[in-house]
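Written out below as structure tokens is the structure these notes cover.
The values are calculated or read from the model by the stated rules, or taken from the named source; none is laboratory data. No experiment lies behind these values; they were computed from the predicted model shown. Here the Cβ is made from the backbone with ideal geometry for all residues, glycine too, and neighbour counts use every protein chain on show.
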Amino acid sequence: MDHKQHWEQIYSTKPSDAVSWFQGHADLSLRLIHNTGLGRDAAIIDVGAGASTLVDDLLAEGYTDLTVLDLSPAALMVAKQRLAKHAECVRWAEGDVTRAEFPAHRFDIWHDRAVFHFLTEPADRQAYVEQVVRSVRPGGHVIVATFAEDGPEKCSGLPVVRYQPESLHAEFGDAFLLVGHEKEAHHTPSGAVQQFVYCYCRKADC
């Protein structure tokens, strides 16, 4: 089973609030987005969002330029149905982040919670970083969260790469300034605790 089929099966057979990565509100992500200091017209992409509620809260706060990308059409449909008429205010994109086509310098904020750690092959990580370099404007903001070094070794049956802040930043290289990092103890719907690390970077101005 390829990755797309895997996630299609997950989102087609499980309630979105029962999967291990579910958050009622993505509070840390929201705070980091607020900390960028950008206005409500900032162009934000949520990569591998699945059925995340982050887009709901961004819309409720008045953000007007939102893009949601996921590999699974079933996941995107869950979010669209939840948002009802408000879904029309969002750009929805189905695809693999390492191969998707984004306009150059399109985004002010790139957000990814729990996609990058699934990229276990160096070539896929390099392709991901190249996407960020191309599609985030100079001086733009990059927020990426992965399992921490003491986080799970697998998620949804798939292997992951765990990171410390320094090793996660090193994947992106000198084109990005590490502004800050935080750990989060995520409590899953089943009661388990998963350790995440969030890195907030700025892309170089040129």
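Computed quantities for the displayed model
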item: Residue match in the range 94-117 (condition: under 26 Å from Asp150 (Cα atoms) and among the acidic types (Asp, Glu)); result: yes
item: Tabulated pairs, the range 144-162, first under 13 Å from Gly48 (Cβ atoms) and at pLDDT below 95, second in a strand (DSSP E or B) and of a type outside the set (D, E, K, R), C-beta under 9 angstrom, 6+ apart or interchain; result: Cys155/Phe147; Cys155/Gln194
item: Some residue of the range 18-38 being under 23 Å from Gln81 (Cα atoms), buried (at least 18 other Cβ atoms within 10 Å of the Cβ) and modelled with pLDDT of 95 or more; result: yes
item: Breaking point among (1) closer than 16 Å to Val47 by Cα; (2) out of contact with any Leu (no Cβ under 9 Å at 6 or more places or on another chain); (3) touching a residue at least 40 places away in the same chain (Cβ under 8 Å), for Ser190; result: (1)
item: Candidate set from the range 178-194 (those that are outside any loop (DSSP other than H, G, I, E, B) and over 16 Å from the mean Cα position of the chain (by Cα)); member that is nearest to Leu119 (Cα to Cα); result: Gln194
item: All positions within the range 57-70 that are part of a loop (DSSP other than H, G, I, E, B) and out of contact with any strand residue (DSSP E or B) (no Cβ under 7 Å at 6 or more places or on another chain); result: Glu61, Gly62, Thr64
item: Inter-residue pairs, beta-carbon under 8 Å, first polar (S, T, N, Q) and in the range 91-105, second surrounded by 15 or more Cβ atoms within 10 Å (Cβ to Cβ), 6+ apart; result: Thr98/Leu119; Thr98/Asp124; Thr98/Ala127; Thr98/Tyr128; Thr98/Gln131
item: Residue check, Ser16 among the hydroxyl-bearing types (Ser, Thr, Tyr) and farther than 26 Å from Ser135 by Cα; result: yes
item: Matching strands (runs of 3 or more DSSP E) fully within the range 78-177 where at least 2 residues are closer than 28 Å to Asp17 by Cα and among the charged types (D, E, K, R); result: 90-94, 107-113
